[in-house]
Amino acid sequence: MKTGVILARFQPIHNGHLQLIKKACDENEQVLVIIGSIDKLSKRNPIPWTIRKQLVEKAIKDHSLHEKTKIVELADLSDESDNSHDWGFYLYSFIVSKINQSDFTIYYSDGFETITSWFPGFLLRNNVSLSLLARNTCEDGVSATMVRDMILADSLPEKDIVPQCVYDMRQTIKAFLNVFK
């Protein structure tokens, strides 16, 4: 079965993430959406994973993508900046355990060098395909950092940047952001 994989922290989910998920759903029979860094709470990761999962589930359902997607969560192996092959093997084995197959495509919007550093060449040649969508082409370069800053400044627009569920929960999200100000 052709499978796409999305790995993101979703701090919070925004329309760039949704664009990536839609692309993966259009090109695959099933899509595994992985919420990363579930064991971290910090300024960079201020929203607890349970709330992030709730928002991701709601956004995916609201966009009628739920029939093709499975949402799971993943703890970091070590520091989230770890781009070693240990991280790549950890991620690969986690994905294989969830989809029960060894071949898949990862949809990603960050630097090519970052994601290719995770996996040894033989996995990239034989098992892991990459579909990179440049961040600046996704929804005018929106990022979760930008969204968090807008939420803190009470300037998040209701349309075009985030799914409605994030806009509706912006005050709850803001409370978590204020903890790490």
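State whether the residues of the stretch 78-101 include one that is under 19 Å from residue 16 (Cα atoms), in a loop (DSSP other than H, G, I, E, B) and modelled with pLDDT of 95 or more.
Filtering the stretch 78-101 for residues under 19 Å from residue 16 (Cα atoms) gives none.
Scanning the stretch 78-101 turns up no residue that is under 19 Å from residue 16 (Cα atoms), in a loop (DSSP other than H, G, I, E, B) and modelled with pLDDT of 95 or more.
If you go through the stretch 9-36 and keep only what is assigned to a helix (DSSP H, G or I), of a type in the set (A, V, I, L, M) and within 21 Å of residue 129 (Cβ to Cβ), you end up with 20, 21, 24.
All of (1) buried (at least 18 other Cβ atoms within 10 Å of the Cβ); (2) aliphatic (A, V, I, L, M); (3) in a loop (DSSP other than H, G, I, E, B) hold for residue 75 with one exception: (1). Go through the stretch 133-151 and give me each residue that's modelled with pLDDT of 85 or more and surrounded by fewer than 19 Cβ atoms within 10 Å (Cβ to Cβ). The answer is 143, 145, 146, 149, 150. Filtering the stretch 102-126 to residues that are part of a helix (DSSP H, G or I) and aromatic (Phe, Trp, Tyr) leaves 112, 118, 122. Only one entry in 100, 28, 15, 45 is farther than 25 Å from residue 151 by Cα and either in contact with a Leu (Cβ under 7 Å, 6 or more places away or on another chain) or surrounded by 17 or more Cβ atoms within 10 Å (Cβ to Cβ) (or both), namely 28. Under the condition of being out of contact with any helix residue (DSSP H, G or I) (no Cβ under 9 Å at 6 or more places or on another chain), small (Gly, Ala, Ser) and closer than 18 Å to residue 14 by Cβ, the residues counted in the stretch 42-77 number 0.
With the requirement that a residue be part of a helix (DSSP H, G or I) and either over 19 Å from the mean Cα position of the chain (by Cα) or buried (at least 18 other Cβ atoms within 10 Å of the Cβ) (or both), what does the stretch 166-175 give you? Working first, answer last.
Initial filter on the stretch 166-175 (part of a helix (DSSP H, G or I)): 166-168, 170-175.
Within the stretch 166-175, 166, 168, 170, 171, 172, 173, 174, 175 meet the criteria.
The values are calculated or read from the model by the stated rules, or taken from the named source; none is laboratory data. Please read these numbers as outputs of a predicted model, since none were measured by experiment. Please note: Cβ atoms are built from the backbone with ideal geometry, for glycine as well, and neighbour counts cover all protein chains shown.
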